[in-house]
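The values are calculated or read from the model by the stated rules, or taken from the named source; none is laboratory data. Keep in mind that this is a model prediction, so the values were computed, not measured. Here the Cβ positions follow ideal geometry from the backbone for every residue, glycine too, while neighbour counts run over all protein chains shown.
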Amino acid sequence: MTEMVRKITLSRAVRIMQNLFPEEYNFYPRSWILPDEFQLFVAQVRMVKDGDPSWKPTFIVKPDSGCQGDGIYLIKDPSDIRLAGTLQSRPAVVQEYICKPLLIDKLKFDIRLYVLLKSLEPLEIYIAKDGLSRFCTEPYQEPHPRNLHHIFMHLTNYSLNIHSGNFVHSDSTSTGSKRTFSSILCRLSSKGVDIKKVWSDIISLVIKTVIALTPELRVFYQSDIPAGRPGPTCFQILGFDILLMKNLKPILLEVNANPSMRIEHEQELSPGVFENVPSLVDEEVKVAVIRDTLRLMDPFKKKRENHFPDIYMDRKHRFPPVSDRMSSLKLQLSKLSIVRSQQLGKPLASKEEPPDSDLASASAGGASPEGHLPSICLKQVFPKYAKQFNYLRLVDRMANLFIRFLGIKGTMKLGPTGFRTFIRNCKLSSGSLSMAAVDILYIDITRRWNSMTVVHQDSGLRPGSSFGPRCTPSPVAWLFLRSHGWTTTRLAGLRGAAQPLSARKPRKPRKLLWTRRCWKQHTPIY
Ligand code: ADP
């Protein structure tokens, strides 16, 4: 999963969807993968600038493997990219910079939302009802050559801003440099903003992003846990970083496979002496996410529900009043500490032990272990809204085809027999396409494909190729699309920058992909 959401992989996955569904995927800034697409980036920016000299864009360069703002910088022109040496060793994504973010107290902020990917097959997605808002610590100004290097103005990373003298640790969840997202929504609502719309746009962004990621994930998953074999039930908590634009449109910045679950922060007691102190905002949001993920994933829950149906029937009435929530959270935290200590094989430190009364009350609800828990904070959004989004799962269906015709379970390559079966089942063979011709086609496609991909020690159609290593549909996907009425021209659009630069003659960027109109279509609001 970590690989799937690296900056380059995410950009590729979203770009495939942008090519197929440009309107639906306009929540992700236009991006280029460096160093492969450097020339393309230069040429496309030049073309737009030539067409509209008043256009003064800003771009943000982000190293692929970076996190916490590491190595990120802003540029005004492609020629400002620090190409020398670094990009070859450290690939990156360069992205349009969102110049007009929504500001609160004159500061830029982003949103960290926790998303639970409960299951891949069938797809089940949950979103936490509250998230974190992380603030910059220097008043925002639109990018200008003089302020491009002001990280406290442009980057919202907590790990960076914590080092600013202006960072405010607050005892409240609605003030300071880290707040709950719900407090921001409250504030917007009091100004008349339609926050239901903001939420539904965010939910739609999350579902669409997961849909973009699942095809490749599915192929990897089946190779690790082949169907029919008992395996662990996997789940993943993802951290979505989202920016709200001035017009309240949410923009996806990145997806984090290992979001920080820390609920404390360091405080400098005296020069050089630090202590970890609880962070109220983090506790409020993260404890609920972990607690409810465990509740949802609990493999024994079904059994218990069947065993004690009456207890679970009146569960609703057992929730403590809101005023008790904080003490309940503390109890949960203590429980989490117990689990952590037990996992580490450490004895419990006495201060981590929950007070006897808490334990007693926990076991008093003993008949129902969830008796004392607040209502669940994770909201199911898929399959709940499946009807609205299923049409986007085209590449997912290709992945299913790919998996189905792999031949040997647990492999990631489609062999000649699988390819034959695929052709036969899709009724693509006819008088003019004999099985011998299918075999030749297989060899031809494999050869051509291998020459396009970087890694090609083995023969066979590789998993990356099912949706394309460079934003290109695989031969299987290609045949699938053809059989679904896609024209060669439209497919050519998808094949885009399919070859590595070394294997490609320099050529003019195709107008089809890059016109001022297209640019506007993808980025109508910047
Ligand atoms: P990292 O993984 O290093 O945190 P991000 O992609 O989250 O990288 O970017 C770091 C910060 O840079 C974000 O929190 C956000 O404030 C800012 N940022 C990233 N991409 C953009 C963008 N396209 N437009 C405006 N700001 C951005």
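Each row is one residue, and each column tells you yes or no for (1) under 30 Å from GLU284 (Cα atoms); (2) at pLDDT below 65; (3) in the same structural domain as LEU217 (by the TED database); (4) in contact with a His (Cβ under 7 Å, 6 or more places away or on another chain).
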residue: PRO354; (1), (2), (3), (4): yes, yes, no, no
residue: ALA362; (1), (2), (3), (4): yes, yes, no, yes
residue: PHE382; (1), (2), (3), (4): yes, no, yes, no
residue: LYS387; (1), (2), (3), (4): no, no, yes, no
residue: MET398; (1), (2), (3), (4): no, no, no, no
residue: PHE402; (1), (2), (3), (4): no, no, no, no
residue: CYS426; (1), (2), (3), (4): no, no, no, no
residue: MET435; (1), (2), (3), (4): no, no, no, no
residue: ARG447; (1), (2), (3), (4): no, no, no, no
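Taking THR175 as the residue in question, decide whether it is in contact with a strand residue (DSSP E or B) (Cβ under 9 Å, 6 or more places away or on another chain), over 30 Å from PHE389 (Cα atoms) and in a loop (DSSP other than H, G, I, E, B).
So THR175 fails the test.
Confirm whether THR156 is in contact with a Cys (Cβ under 7 Å, 6 or more places away or on another chain), surrounded by 13 or more Cβ atoms within 10 Å (Cβ to Cβ) and β-branched (Val, Ile, Thr).
Yes.
Quick one: which strands (runs of 3 or more DSSP E) sit completely within the stretch 215-302 and have at least 2 residues that are of a type in the set (Ser, Thr, Tyr) and modelled with pLDDT under 95? Let's see the steps before the verdict.
Details: elements: 236-244, 250-256, 264-270, 273-278.
No strands (runs of 3 or more DSSP E) qualify here.
Can you find a residue in the stretch 130-147 that is within 30 Å of PHE382 (Cβ to Cβ), within 13 Å of the ligand (Cβ to nearest atom) and without any contact (Cβ under 8 Å) to a residue 60 or more places away in the chain?
yes
Against the definition (at pLDDT 95 or above, among the hydrophobic types (A, V, I, L, M, F, W, C) and within 16 Å of the ligand (Cβ to nearest atom)), how does ILE203 come out, yes or no?
Numbers: at pLDDT 95 or above: yes; among the hydrophobic types (A, V, I, L, M, F, W, C): yes; within 16 Å of the ligand (Cβ to nearest atom): no.
Answer is no for this residue.
Inside the stretch 250-272, can you point out the residues that are within 16 Å of the ligand (Cβ to nearest atom) and among the small types (Gly, Ala, Ser)?
ALA257, SER260
Taking the condition within 16 Å of the ligand (Cβ to nearest atom) and either closer than 26 Å to MET1 by Cα or modelled with pLDDT of 95 or more (or both), does LEU188 pass?
Judged against the criteria, LEU188 is not a match.
Under the condition of being within 21 Å of the chain's Cα centre (by Cα) and charged (D, E, K, R), which residue from the stretch 271-289 is farthest from HIS163 (Cα to Cα)?
Within the stretch 271-289, the match that is farthest from HIS163 (Cα to Cα) is LYS286.
Conditions tested, residue by residue: (1) under 20 Å from LEU148 (Cα atoms); (2) touching a Lys or Arg at 6+ places or on another chain (Cβ under 6 Å).
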position: PHE27; (1), (2): no, no
position: GLN39; (1), (2): no, no
position: ALA43; (1), (2): no, no
position: LYS56; (1), (2): yes, no
position: LYS62; (1), (2): yes, yes
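Out of curiosity, is ILE98 in a loop (DSSP other than H, G, I, E, B), within 16 Å of the ligand (Cβ to nearest atom), buried (at least 20 other Cβ atoms within 10 Å of the Cβ) and touching a residue at least 12 places away in the same chain (Cβ under 8 Å)?
In short, yes.
Take the residues of the stretch 101-129 that are assigned to a loop (DSSP other than H, G, I, E, B), touching a residue at least 60 places away in the same chain (Cβ under 8 Å) and more than 19 Å from LEU213 (Cα to Cα): which is farthest from the ligand (Cβ to nearest atom)?
Selected residue: LYS129.
If I ask for residues that are surrounded by 15 or more Cβ atoms within 10 Å (Cβ to Cβ) and either assigned to a helix (DSSP H, G or I) or modelled with pLDDT of 85 or more (or both), which ones from the stretch 405-420 would you list? Even if it seems obvious, please write down each step before you answer.
Within the stretch 405-420, the first condition is being surrounded by 15 or more Cβ atoms within 10 Å (Cβ to Cβ), and the residues that meet it are 405-407, 411-416, 418-420.
Scanning the stretch 405-420 gives PRO416, GLY418, PHE419, ARG420.
Considering only residues that are at pLDDT 90 or above, near the ligand (Cβ under 10 Å from one of its atoms) and out of contact with any Gly (no Cβ under 9 Å at 6 or more places or on another chain), which ones fall in the stretch 49-67?
Residues satisfying the conditions are THR58, PHE59, ILE60.
Give me the residue from the stretch 249-264 that is under 11 Å from the mean Cα position of the chain (by Cα) and among the aliphatic types (A, V, I, L, M) and, out of that set, nearest to TYR97 (Cα to Cα).
The residue in question is LEU253.
Residue by residue, here is whether (1) in contact with a helix residue (DSSP H, G or I) (Cβ under 8 Å, 6 or more places away or on another chain); (2) hydrophobic (A, V, I, L, M, F, W, C); (3) in contact (Cβ under 8 Å) with a residue 40 or more places away in the chain; (4) under 30 Å from ARG393 (Cβ atoms) holds:
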{"site": "VAL5", "(1), (2), (3), (4)": "yes, yes, yes, yes"}
{"site": "SER11", "(1), (2), (3), (4)": "no, no, yes, yes"}
{"site": "VAL14", "(1), (2), (3), (4)": "yes, yes, yes, yes"}
{"site": "ASN19", "(1), (2), (3), (4)": "yes, no, yes, yes"}
{"site": "VAL42", "(1), (2), (3), (4)": "yes, yes, no, no"}
{"site": "GLY69", "(1), (2), (3), (4)": "yes, no, yes, no"}
{"site": "LEU74", "(1), (2), (3), (4)": "yes, yes, yes, no"}
{"site": "PRO78", "(1), (2), (3), (4)": "yes, no, yes, no"}
